[in-house]
Amino acid sequence: MKKLQIIAFLLLGLIAFNVSGQISVGATIGAQLPMGDFSDIAKTGFGFNAMGTYSLDDNMAVGLNIGYNQFGKVEIPFFEET
């Protein structure tokens with residue numbers, strides 16, 4: 001079961017297709033890596049995005065991109081025990 005999940009994750013890493021040349025849709029899924037000071041309070045997480053564009057002509061398109069990202073949390077003690 002674990003191998004199947006890993007294979008599915010790799011295959012779904014980037015999905016995109018083009019319908020009739022004017023409409024393009026796609027999706028991504030992947031790891032989210034906290035950087036800098038943010039990495040002090042967050043662990044590696046995951047995220048996914050969905051996108052779509054509609055071509056108005058050869059040089060212009062309108063689009064929508066929506067996504068969700070979630071990071072793991074690090075326990076931070078607020079009070080020191082004395």
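The values are calculated or read from the model by the stated rules, or taken from the named source; none is laboratory data. Keep in mind it's a predicted model, so treat the numbers as computed, not measured. Every residue, glycine as well, gets a Cβ built from its backbone with ideal geometry; the counts of neighbours run over all protein chains shown.
Checked across region 15-34, the condition of being surrounded by 10 or more Cβ atoms within 10 Å (Cβ to Cβ), within 17 Å of the chain's Cα centre (by Cα) and modelled with pLDDT under 80 holds for at least one residue. Screening region 61-82 for residues that are touching a residue at least 12 places away in the same chain (Cβ under 8 Å) and outside any strand (DSSP E or B) and picking the one that is surrounded by the fewest Cβ atoms within 10 Å (Cβ to Cβ) gives Ile76. Residue count for region 43-60 under the criterion of being outside any loop (DSSP other than H, G, I, E, B) and either out of contact with any strand residue (DSSP E or B) (no Cβ under 7 Å at 6 or more places or on another chain) or free of Cβ contacts under 8 Å to residues at least 24 places away in the same chain (or both): the result is 6. Only one of the numbered conditions (1) assigned to a strand (DSSP E or B); (2) at pLDDT below 90 is not met by Phe38, and that is (1).
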